[in-house]
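Written out below as structure tokens is the structure these notes cover.
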Amino acid sequence: MIVRLSALKPGQEGIIKEFNNNEIYIKLMEMGCVPGERILLEQVAPLGDPISVNVAGYHLSLRLNEAEHILVELMY
């Protein structure tokens with residue numbers, strides 16, 4: 001199932017499939033968010049923004065508006 005990263009719950013993991021916004025594509029790629037990479041949603045801030053993910057072996061904080069542009073295939 002393909003979903004937006006922003007829709008995941010803490011502990012859910014997926015494989016990055018694609019980005020649906022070319023404007024932040026380069027920024028996300030520079031941060032290690034590349035298609036085929038595993039990504040784990042670790043935490044959500046108390047007010048829901050930002051989120052903390054583990055990708056490419058390190059921790060990364062993303063705003064929800066950035067996470068909405070990352071499409072992932074859920075791992076079960």
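Any read-out appearing in this document is the output of simple, stated calculations on the displayed coordinates, not a laboratory observation. Keep in mind that this is a model prediction, so the values were computed, not measured. Cβ atoms come from the backbone with ideal geometry, glycine included; neighbour counts cover every protein chain shown.
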Within the range 23-33, tally of residues that are part of a helix (DSSP H, G or I) and touching a strand residue (DSSP E or B) at 6+ places or on another chain (Cβ under 9 Å) = 3
Return the pairs, sorted by first residue and then second, in which the second residue is acidic (Asp, Glu) and part of a strand (DSSP E or B), the first residue lies in the range 52-73 and is within 17 Å of Ile15 (Cβ to Cβ) and touching a residue at least 40 places away in the same chain (Cβ under 8 Å), the beta carbons are less than 6 Å apart, and the residues are 6+ apart or on different chains.
-> Leu71/Glu18
The residue from Val72, Val53 that alone is out of contact with any helix residue (DSSP H, G or I) (no Cβ under 7 Å at 6 or more places or on another chain), surrounded by 14 or more Cβ atoms within 10 Å (Cβ to Cβ) and among the aliphatic types (A, V, I, L, M) is Val53
If you go through the range 34-60, how many residues are more than 11 Å from the chain's Cα centre (by Cα) and among the basic types (Lys, Arg)?
-> 0
Does the range 9-22 contain at least one residue that is part of a loop (DSSP other than H, G, I, E, B), in contact (Cβ under 8 Å) with a residue 24 or more places away in the chain and acidic (Asp, Glu)?
-> no
